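Colleague: One structure follows; several queries about it will come next.
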């Protein structure tokens with residue numbers, strides 16, 4: 001594992017003295033499935049199962065996980081696009097768990113979302129200028145002339161000239177469009193930006209550009225960010241803290257350095273190995289597929305794929321345990337994990 | 001597989017294609033880019049509509065004027081398409097009748113399309129019991145051929161132009177409701193709708209500015225396909241005596257009236273039939289042309 | 001029979017627009033993995049489609065040669081191509097769930113090439129399909145064989161696609177970004193599977209990707225594409241340790257995602273769209289840091305360089321700097 005120099009996010013906002021902007025308290029989200037027949041029991045998808053997370057103002061929290069981990073659902077819970085089945089969601093001091101429409105609209109000005117696929121996130125039938133204008137129109141911000149100014153400034157901020165105003169999304173490249181999506185998200189001046197895989201759909205050279213842009217904007221506007229990605233390299237460079245999710249639960253959360261240098265959950269280690277292409281034989285670290293979120297395992301959810309799983313792991317769900325300052329892990333065997341996996345996985 | 005996508009575009013890099021194959025022009029004005037089906041369709045329909053529009057000035061005779069000395073004449077001479085069993089000029093009756101046929105078909109299509117679409121969108125938005133109810137009613141209606149439903153309704157409401165329209169609308173809204181609902185559900189699931197919700201747009205706005213424009217393509221294509229069908233249905237109902245009443249004509253009633261004299265004057269049946277065929281064909285060609293063009297542009 | 005894919009001088013254009021692919025030549029010897037690396041718009045997918053003769057309407061293809069072993073693909077008629085596709089050359093796509101027929105069971109889709117190319121009857125094909133599913137590592141294959149595409153996860157779906165692609169034991173597999181839409185751990189498994197199958201069947205692989213990291217673990221040789229041309233080619237070692245072309249160098253820097261001195265990530269200046277409007281000169285020139293550093297703008301603007309050897313065996317780069325260095329040396 002390489003020792004990385006402090007990345008662009010070596011922000012001074014990691015001091016926990018700053019206010020808490022987002023608090024998730026044991027949040028649960030189950031999606032009911034249609035019954036197979038009227039007398040069948042009602043089954044649910046356990047998308048998010050008891051996640052607690054705190055995000056301080058100015059922080060960048062990386063949320064890592066694969067499909068089915070619940071990370072995207074979590075993002076939408078924070079933004080209150082969906083309602084939690086249980087638990088509390090507090091954003092900027094307001095308990096947004098139960099919100100009426102009017103207050104939800106105000107929330108829109110505090111927290112915004114950047115999507116994975118920029119082409120899907122823009123209405124293909126509206127020009128970029130129109131897409132930006134309607135945001136201000138719908139929130140009745142400023143006069144007509146003022147709105148034009150603001151959208152021009154917004155495009156300028158992300159490095160696009162006003163020629164883009166008349167273009168349709170189909171005529172723009174992924175990188176350009178993603179910058180528009182970011183500009184659009186920032187139009188209402190939010191404090192929190194949730195980025196759901198913002199660079200996954202982009203080419204390598206463009207990824208760097210967009211990440212640089214996000215970092216720059218974060219600094220200029222003192223944004224708080226929740227950065228969701230399955231790519232650990234992205235998260236490594238940009239986050240202050242990282243939380244790893246698996247099948248609806250947080251399995252490890254730590255400050256950036258701790259997670260990358262001293263992680264103790266087998267799944268985190270598997271992700272690191274796979275993402276950094278350091279392991280020849282991934283079966284050693286994470287065999288097979290994740291179990292179904294409709295019937296999650298009774299014990300540790302990673303036990304079905306974990307090379308270190310014991311009977312206890314299969315039977316008893318591990319709690320989130322403190323491992324160090326700001327470092328928690330959900331694993332029965334965490335003290336031995338690094339040692340046991342070192343032969344197969346850790347390269348100098 | 002989406003109702004909206006062309007699956008081929010996923011095998012290739014669509015971004016690259018957009019840049020590569022040139023900017024997607026939305027301009028309709030470049031006639032050279034129109035596929036042949038579109039050109040022929042527009043030309044045909046344009047001609048038909050023009051003639052029908054100018055009928056009051058173009059029709060050579062009064063369509064109701066009888067001339068019992070000149071019955072069942074062959075086409076040619078004074079009466080370009082001949083006369084029917086009452087000596088009335090076929091061409092004039094065709095033209096005036098066409099106005100009725102085409103306008104009723106277009107009107108019922110428009111009303112059922114709009115009503116059906118709105119209902120479909122509401123169903124998609126609201127879901128739950130209302131959605132179930134509407135869809136089940138639609139299922140029941142769809143079990144019967146449109147004609148049978150229309151016949152039943154006309155029998156209840158009585159014959160005549162007004163009831164004909166009502167009957168056809170009631171019989172014809174279901175496919176639009178279904179299609180609109182399917183499209184709405186699909187579009188609602190798309191990221192940009194979620195983005196709109198996330199950005200705090202009102203529901204009304206989302207439906208009007210995001211949903212409808214994006215659903216319009218397939219809906220219009222479906223509507224134009226239905227037009228031919230409507231035209232024929234109107235004709236059929238008139239043929240059965242359930243539509244226009246004498247002495248007014250429409251293409252279907254002309255078919256009915258001309259039938260006993262088919263062997264002596266085949267034109268009485270051929271010309272109205274041809275009129276229906278050509279008009280329906282024109283609209284279908286246009287719909288096909290639009291679809292071809294849409295697919296070509298990605 | 002030497003089962004080698006040979007492409008020479010492939011050029012593809014749409015209507016009257018600029019060519020999308022220009023003078024692309026490549027070889028995939030039997031049993032080797034050639035990776036075609038490039039970003040959106042580089043033409044890599046188009047190259048694969050050209051080999052399979054599956055270009056969209058309106059595309060015009062011209063080439064000196066496209067041949068696989070004794071088969072002349074360039075001149076083949078549609079009937080011969082149908083026999084080649086799936087029989088001798090097979091293809092894997094991105095987004096496997098989308099590429100499977102949503103209305104047919106997994107089993108029937110795996111059986112299709114068996115019945116078509118190996119002439120099996122329904123029962124034989126079904127039995128073999130179950131075997132093939134097990135072979136690609138799908139648990140409970142007898143049950144899965146009756147599943148439909150939407151019931152599968154991305155990883156399983158891609159395994160099914162691999163089973164279908166390899167059912168008739170093709171000699172060449174063209175994999176177009178097969179792991180791009182998959183999770184990281186699943187991606188690693190799929191790459192392993194492809195490698196294992198390659199060894200087992202002795203087939204060649206043309207692997208298309210935008211991800212240098214993925215490619216490094218599976219490829220023998222790499223060809224880097226930019227704006228419809230191959231700009232550098234060589235063994236994995238040569239390309240990754242000693243890249244010669246400025247674009248390759250920049251791409252590697254970007255892929256590493258390692259912050260630089262100023263804390264920011266390295267970004268290739270400019271945009272790939274600048275290449276669209278150029279008619280002469282090196283297409284990468286507007287974004288190239290080397291051309292100014294070496295003062296060779298004159299060359300780069302005027303003529304497009306040819307692929308030239310740059311040191312290692314089989315290592316070639318399309319760059320005036322390379323040619324200059326040879327001249328100096």
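Colleague: Looking at this structure, is residue B:234 surrounded by 17 or more Cβ atoms within 10 Å (Cβ to Cβ) and at pLDDT below 80?
Modeller: No: the conditions fail for residue B:234.
Colleague: Hey, among the residues in the stretch A:97-123 that are closer than 14 Å to residue B:197 by Cα, facing another protein chain (nearest Cβ under 7 Å) and assigned to a loop (DSSP other than H, G, I, E, B), which one's farthest from the chain's Cα centre (by Cα)?
Modeller: In this case the residue turns out to be A:123.
Condition check ((1) within 14 Å of chain C (Cβ to nearest Cβ); (2) within 25 Å of residue C:139 (Cβ to Cβ); (3) under 27 Å from the mean Cα position of the chain (by Cα); (4) not in a loop (DSSP other than H, G, I, E, B)) across all residues:
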site	(1), (2), (3), (4)
A:293	yes, yes, yes, no
A:300	no, yes, yes, no
A:305	yes, yes, yes, no
A:317	no, yes, yes, no
A:322	no, no, yes, yes
A:332	no, no, yes, no
A:337	no, no, yes, yes
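One line per residue, one yes/no per condition, for (1) away from chain A (no Cβ under 13 Å); (2) touching a residue at least 40 places away in the same chain (Cβ under 8 Å); (3) in a helix (DSSP H, G or I):
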position	(1), (2), (3)
B:197	no, no, yes
B:204	no, no, yes
B:222	yes, yes, yes
B:248	yes, yes, no
B:259	yes, no, yes
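Colleague: Report, by residue number, each residue of the stretch B:233-246 that is more than 21 Å from residue B:145 (Cα to Cα) and free of Cβ contacts under 8 Å to residues at least 60 places away in the same chain.
Modeller: B:246
Colleague: Related question: Considering only the stretch C:262-306, state which residues are within 14 Å of another protein chain (Cβ to nearest Cβ) and over 28 Å from the mean Cα position of the chain (by Cα).
Modeller: Of everything in the stretch C:262-306, those that are within 14 Å of another protein chain (Cβ to nearest Cβ) and over 28 Å from the mean Cα position of the chain (by Cα) turn out to be C:262, C:263, C:264.
Colleague: Test each condition in (1) farther than 17 Å from residue C:110 by Cα; (2) more than 14 Å from chain A (Cβ to nearest Cβ) for residue C:170 and report the one that comes out false.
Modeller: (1) is the only condition that residue C:170 fails.
Colleague: Just checking, which of C:74, C:36 is without any contact (Cβ under 8 Å) to a residue 40 or more places away in the chain and touching a strand residue (DSSP E or B) at 6+ places or on another chain (Cβ under 6 Å)?
Modeller: So the residue among C:74, C:36 that is without any contact (Cβ under 8 Å) to a residue 40 or more places away in the chain and touching a strand residue (DSSP E or B) at 6+ places or on another chain (Cβ under 6 Å) is C:74.
Colleague: Right, here's the next one. Looking only at the stretch C:194-221, count how many residues are away from chain A (no Cβ under 11 Å) and surrounded by fewer than 17 Cβ atoms within 10 Å (Cβ to Cβ).
Modeller: Qualifying residue count for the region: 5.
Colleague: With respect to residue B:134, determine if the residue is over 27 Å from residue A:107 (Cβ atoms), surrounded by fewer than 17 Cβ atoms within 10 Å (Cβ to Cβ), at pLDDT 85 or above and away from chain A (no Cβ under 14 Å).
Modeller: no
Colleague: Scan C:21, C:61 and give me the residue that is touching a residue at least 40 places away in the same chain (Cβ under 8 Å) and surrounded by fewer than 21 Cβ atoms within 10 Å (Cβ to Cβ).
Modeller: Just a single option satisfies the conditions, and that option is C:61.
Colleague: Determine whether the stretch A:146-167 contains at least one residue that is at pLDDT below 90 and either in contact with a strand residue (DSSP E or B) (Cβ under 8 Å, 6 or more places away or on another chain) or closer than 30 Å to residue C:182 by Cβ (or both).
Modeller: Checking the stretch A:146-167: not a single residue is at pLDDT below 90 and either in contact with a strand residue (DSSP E or B) (Cβ under 8 Å, 6 or more places away or on another chain) or closer than 30 Å to residue C:182 by Cβ (or both).
Colleague: Can you pull out the helices (runs of 4 or more DSSP H) entirely within the stretch A:143-227 that have at least 3 residues that are within 12 Å of chain C (Cβ to nearest Cβ)?
Modeller: Once the helices (runs of 4 or more DSSP H) in the stretch A:143-227 are filtered for at least 3 residues that are within 12 Å of chain C (Cβ to nearest Cβ), what remains is A:174-186, A:204-221.
Colleague: Follow-up question, since we're still on this one. For the stretch C:223-312, which fully contained helices (runs of 4 or more DSSP H) count at least 2 residues that are modelled with pLDDT of 85 or more and touching a strand residue (DSSP E or B) at 6+ places or on another chain (Cβ under 9 Å)?
Modeller: Passing ranges, in order: C:236-241, C:246-256.
Colleague: Can you work out which of the residues in the stretch A:73-84 that are modelled with pLDDT of 90 or more and either out of contact with any helix residue (DSSP H, G or I) (no Cβ under 7 Å at 6 or more places or on another chain) or outside any loop (DSSP other than H, G, I, E, B) (or both) is nearest to the other protein chains (Cβ to nearest Cβ)?
Modeller: For the stretch A:73-84, the residue satisfying everything is A:76.
Colleague: Being within 14 Å of chain A (Cβ to nearest Cβ) and surrounded by fewer than 20 Cβ atoms within 10 Å (Cβ to Cβ) is the requirement here; does residue B:217 meet it?
Modeller: yes
Colleague: Examine the stretch C:1-9 for a residue that is surrounded by fewer than 17 Cβ atoms within 10 Å (Cβ to Cβ) and within 23 Å of residue C:164 (Cα to Cα), and state whether such a residue exists.
Modeller: No, the stretch C:1-9 contains no residue that is surrounded by fewer than 17 Cβ atoms within 10 Å (Cβ to Cβ) and within 23 Å of residue C:164 (Cα to Cα).
Colleague: Further question on the same structure: Determine which member of the set C:118, C:74, C:114, C:92 is more than 14 Å from every other protein chain (Cβ to nearest Cβ), in contact with a helix residue (DSSP H, G or I) (Cβ under 9 Å, 6 or more places away or on another chain) and either crowded, with 20+ Cβ neighbours inside 10 Å or closer than 26 Å to residue C:21 by Cβ (or both).
Modeller: C:114
Colleague: Filtering the stretch C:18-65 down to residues that are within 22 Å of residue C:198 (Cβ to Cβ) and assigned to a strand (DSSP E or B), which residue is nearest to the other protein chains (Cβ to nearest Cβ)?
Modeller: Taking the candidates together, the pick is C:37.
Colleague: Sort through A:87, A:129 and tell me the only one that's farther than 21 Å from residue B:189 by Cα, more than 11 Å from chain B (Cβ to nearest Cβ), in contact with a helix residue (DSSP H, G or I) (Cβ under 6 Å, 6 or more places away or on another chain) and touching a residue at least 12 places away in the same chain (Cβ under 8 Å).
Modeller: One residue alone meets the criteria, A:129.
Colleague: So which of C:175, C:157, C:134 is assigned to a helix (DSSP H, G or I) and either surrounded by 24 or more Cβ atoms within 10 Å (Cβ to Cβ) or within 12 Å of chain A (Cβ to nearest Cβ) (or both)?
Modeller: C:157
The values are calculated or read from the model by the stated rules, or taken from the named source; none is laboratory data. From a predicted model like this one, the values you see are computed outputs, not experimental measurements. FYI the Cβ positions are ideal-geometry reconstructions off the backbone, even for glycines, and counts take in every protein chain you see.
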